[in-house]
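Bear in mind that the values in this text are calculations on the coordinates, not laboratory data. Here the structure is a predicted model, which is why all the values come from computation and not from measurement. Every residue, glycine among them, receives a Cβ derived from its backbone with ideal geometry; neighbour counts consider all protein chains shown.
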Amino acid sequence: MQSPGLATLDPLKPDAARRWPGTGRSIQFVVMTRAVNSAKGAAGAAVVVAMWETVRGLGLVDPRDLPSTFAIVRAVADGLRGGELASAVAMTVGSWAPGLLLAAVAGAAGGVALALLPRLEIAIRPLLEFLRPIPSVALIPVALLVLGVGLQMQLFMIAFASIWPVLFSTKTGVEGVDPRFMETGRVLHLRPGARILRIVLPAALPAFATGLRTASAIALVVAITVEMLTGQGGIGSYIENVRLNGLVTEMWAAIFVTGVLGYLVNAVFMAIERALMPWGPEYRDR
Amino acid sequence: MADSTAVTKPILAVQNLSKSFTTGGPRILNGMTFHQKPGQFVAVVGPSGCGKTTLLRCIAALMQPDEGEVLHRGQHFDDPPSWLSVVFQDYNRSLFPWLSVRQNVAFGLRGVSARDPQIMAALSAVNLEHAADLYPWQLSGGMQQRCALARSIVVKPKLLLLDEPFASVDAQTRIDLQDMVMGICRSMQLSTLLVTHDIDEAVFMADKVVVLSTRPARVVEEIAIDLPHPRDQLVTKETPEFLRLRHHVYTLVRQQAQKLPRETQTER
Amino acid sequence: MTARSLTITPLAWQAGTIVALVAIWHWAAIFHPAVYLPPIQRVADGYIRLCHGELLFSALLPSLYRLLAGFVVAVVVGSVVGIAMGSLRGLDPWVRPTLEYLRFIPAVAILPAALLLLGPTDQMRIFVIAFGSVFPVLLAATDGARRVDPTLIDVARVSGLSTIERLWRVVLPAALPSVFSGVRVALSIALVMMVISELIAADDGLGFYILRNQRLFQTANVYAGVLMIGTIGLILTLTLLAVEKRVLAWHRGWRGLMEANRG
């Protein structure tokens with residue numbers, strides 16, 4: 001082969017000795033394609049940075065409001081290396097995680113109960129349909145009235161906001177369990193409790209995981225909103241404080257770190273989902 | 001032959017056409033050459049999987065060949081010329097599901113409303129006036145293909161390409177569609193290129209049959225079909241001449257199919 | 001059980017739940033008065049006050065304006081960029097990593113930056129609402145455009161359509177079912193971002209209204225505001241579903257046909 005362009009390396013040659021697992025394409029081809037795509041992605045990001053610097057350079061925006069990307073990167077490094085930013089991130093995660101855990105437990109229990117007890121579902125459906133269109137953040141003032149400012153209120157808001165996706169997808173998951181599985185359980189003389197534990201829950205687990213991933217993003221938004229609004233310690237209040245003190249570079253640094261946090265949270269839950277359902281549609285698409 | 005080309009310039013000239021899917025990869029079409037005179041009905045047959053659809057896409061200028069060229073009235077085109085139209089193989093994938101029959105037919109006409117008399121004329125040519133306001137999902141397979149046919153003749157093309165247009169309909173519908181297409185093409189004096197794997201259909205409908213080899217495809221033989229018009233499904237198909245031609249084409253195609261290497265046959 | 005009792009029993013149960021909840025609330029408000037437990041009558045009064053007069057112009061309408069403006073911007077930008085990304089395959093690897101980063105920034109976090117650059121203005125709030133809700137539309141549109149049947153693109157090319165016409169007349173309608181699913185998600189995010197932007201940086205709108213009443217301990221008004229926000233969400237969702245049902249009527253029939261063919 002004289003010119004090993006990308007196209008000639010490929011496709012699906014029966015004689016190609018080594019393949020990338022699961023694709024049937026040669027390792028060379030997959031590595032090359034990925035390298036080229038990563039380079040393109042980096043170039044795309046570089047264009048965004050260049051645009052940022054251009055806007056700054058041309059003075060379209062007050063340069064004090066738009067610090068140089070280099071300064072922001074340095075502020076990120078300083079802030080994370082034992083700075084206040086690191087502890088703010090830790091505090092946000094520290095309230096986000098238990099809040100989400102509460103939502104996961106309560107949402108899973110509620111979802112299973114609603115799916116298995118149709119009478120209960122019918123009875124409280126009006127309540128659910130009534131609460132559903134109300135954005136949870138609108139209830140922050142109500143929670144402030146009832147619980148006051150503090151960690152307790154923040155945890156409640158995080159859990160309340162993120163319970164819904166867990167609840168509804170668990171319910172859908174349980175309702176979607178193949179009735180033949182249940183019949184198998186009865187034939188094997190499993191008691192109802194064992195049937196739920198050993199058949200319903202494992203079968204509904206992928207749906208639960210998908211709901212939990214949606215919930216994790218919502219929980220983060222609510223955690224930060226509550227922090228901004230009440231001054232509860234965390235990224236939200238940190239961003240507001242540095243902005244009010246005119247520390248613009250620190251503000252931008254914190255925002256980009258928040259983005260990374262959001263990205264990582266999603267990546268972690270995506271990995272959990274993949275582990276739970278390697279065949280699932282999320283695995284194929286993204 | 002020089003005198004005849006001077007009188008009638010071919011509407012379509014395929015010259016030494018070669019094409020492969022990937023640059024440097026195995027060829028699908030290999031040095032293919034044939035001509036089509038204006039008003040002629042040409043059928044292209046060949047063993048299944050020999051690259052007929054690739055050929056049609058090259059002819060329609062939806063794809064550019066690697067080597068050789070496709071000339072329409074002596075000219076090269078980078079995009080499909082306006083006087084060419086195509087009926088695609090999968091009728092249920094070539095109609096726009098969000099447009100009614102009438103709107104589907106009007107799709108290629110610029111600045112013409114879906115209520116224009118041209119649309120109704122095209123629809124009545126395919127006996128579909130009664131379904132003008134239905135949507136594709138409400139039509140049977142044969143009706144969908146008639147709608148696609150109406151859409152391609154409404155633009156008054158000079159050259160009509162048909163890619164296995166009757167492949168996925170039942171036998172009776174297929175026969176009706178063959179008669180309908182032949183009638184339309186003759187009355188509009190269309191040059192028609194039909195790609196098919198059905199030998200009966202090719203011999204019955206065409207003035208010339210081009211037989212392709214197995215992959216990489218080239219032209220094995222061009223056979224003139226001098227059966228008289230109008231052709232009839234019963235009468236024509238019982239004439240000794242039809243049977244002789246059918247036998248000849250069939251033998252050629254079968255020879256090609258047997259040449260297929262074993263592994264290529266089992267691949268699909 | 002007869003069919004009749006099957007349809008009536010759930011309604012009875014549901015009516016029973018609602019009546020019980022209202023009764024408990026009412027009873028609790030009378031016998032255990034607390035700041036967070038105003039009588040239902042006063043919540044209803046507050047709700048009605050939001051629908052007319054001064055509060056209509058200082059709370060309801062500003063919120064609606066910001067919500068709709070941000071939502072429309074998100075839908076238009078998301079559809080246009082998404083369809084471009086989905087149909088021009090080469091574009092995707094250049095843009096995708098940046099988008100994948102941007103879409104996971106919790107939209108609240110960019111609010112202070114928007115406040116800094118745009119000030120406490122409606123443009124700022126519209127920007128934040130649009131930023132939060134654009135990504136579901138964008139990703140759904142990309143996905144939809146990528147799945148357009150190649151035969152339809154061939155038909156468009158043979159019909160002599162230019163690239164722009166092709167995107168408008170073929171790719172957009174074909175991607176519309178997918179776009180709509182993104183738009184539904186976007187609407188709920190837009191509502192959340194509207195509330196957040198008004199809680200944190202506004203001096204009118206429903207978010208500001210509930211926060212101010214909370215500080216004044218006017219609890220009934222807080223509940224009334226929350227109910228009003230829920231009402232807006234409900235009405236917009238129902239409107240969207242009605243539009244979708246009309247615009248995508250072809251899609252339900254078509255999908256049914258494709259499934260019947262497969263089965």
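Listing for the model above:
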item	result
Residue-averaged 222 nm ellipticity for chain A, from DSSP H runs of 4+ at -39500 (n - 2.57), nearest 500	-25000 deg cm²/dmol
Chain B: calculated mean residue ellipticity at 222 nm from DSSP helix runs of at least 4, using -39500 (n - 2.57)	-10500 deg cm²/dmol
Neighbourhood net charge (14 Å Cβ-Cβ; Lys/Arg +1, Asp/Glu -1) for A:Ala42	+2
Efficiency of FRET between B:Leu71 and C:Ser162 - r from beta-carbon atoms, R0 35 angstrom, step 0.05	0.90
All aspartates and glutamates inside 13 Å of A:Lys171 as judged from Cα atoms, apart from same-chain residues fewer than 8 positions distant	A:Glu121
Farthest positive-ward along the stretch A:72-285 dipole, Cα basis, beta-carbon charges - from A:Ile235, A:Val265, A:Pro202	A:Pro202
Karplus-derived HN-Hα couplings along the stretch A:107-120 (A = 6.51, B = -1.76, C = 1.60, θ = phi - 60°), whole Hz, x at Gly and Pro	x, 5, 4, x, x, 5, 4, 5, 6, 8, 10, x, 5, 4
Helix axis angle, B:141-153 relative to chain B longest principal axis, alpha carbon, degrees	90 degrees
Test item: Cα-centred dipole of the stretch B:110-250, Lys/Arg +1 and Asp/Glu -1 on Cβ, debye	480 debye
Gyration tensor (alpha-carbon) shape descriptor, the stretch C:40-106, a/c threshold 1.5	prolate
Charged-residue dipole, Cβ positions (Lys, Arg, Asp, Glu), the protein assembly as shown about Cα centre, Debye nearest 20	1000 debye
FRET efficiency for A:Phe181 and A:Ala46, using Cβ-Cβ distance with R0 set to 56 Å, rounded to 0.05	0.60
Cα gyration tensor shape for chain A, rounded if a/c is under 1.5, else prolate or oblate	oblate
Within straight-line cross-link reach of B:Lys37, aspartates and glutamates at Cα separation under 13 Å, skipping those fewer than 8 residues along the same chain	B:Asp207
Most positive-pole-ward Cα, A:Met277, A:Met182, A:Pro165, against dipole of chain A from beta carbon charges	A:Met182
Long pairs among B:Lys19/B:Lys237; A:Lys40/B:Lys52; B:Lys156/B:Lys208, criterion Cα-Cα beyond 32 Å	B:Lys19/B:Lys237; A:Lys40/B:Lys52
Pairs of Cα atoms farther than 32 Å apart, chain B, %	24 percent
In degrees, nearest ten, helix C:107-118 long axis to first principal axis of chain C (Cα)	90 degrees
For B:Leu12, distant residues with modelled amide H under 5 Å away	B:Gln36, B:Arg73
Simple Cβ-charge dipole of chain A, Lys/Arg +1 and Asp/Glu -1, about Cα centre, in debye nearest 20	1000 debye
Point-to-point label distance, A:Met270-B:Gln189, nm (Cα→Cβ direction, 7 Å offset)	6.3 nm
Loop trypsin sites (Lys or Arg not before Pro), the stretch C:137-192 (other Cβ atoms within 10 Å of the site Cβ: 15 or fewer; DSSP)	C:Arg147
Separation between Cα centres of the stretch A:124-192 and the stretch B:173-243, rounded to whole Å	66 Å
The stretch A:184-213: trypsin sites (Lys or Arg not before Pro) falling in loop per DSSP and having at most 13 other Cβ within 10 Å	none
Per-residue mean of C-beta atoms belonging to partner chains within 10 Å, peptide A:260-269	3
Inter-centroid distance (Cα atoms) of the stretch B:41-78 relative to the stretch C:62-91, Å	40 Å
Dipole of chain C, positive end: most advanced residue of C:Val108, C:Ile30, C:Gly82 [Cβ charges, Cα centre]	C:Gly82
Amide H contacts under 5 Å for B:Thr192, placed H, 5+ residues apart	B:Gln40, B:Phe41, B:Val42, B:Leu160
B:Arg218 long-range amide H proximity, modeled H, under 5 Å	B:Asn30, B:Ser213
Net charge contributed by nearby residues that have their C-beta within less than 11 Å of A:Met91 (K/R +1, D/E -1)	-2
Share of pairwise Cα separations in the protein assembly as shown, more than 38 Å, in percent	56 percent
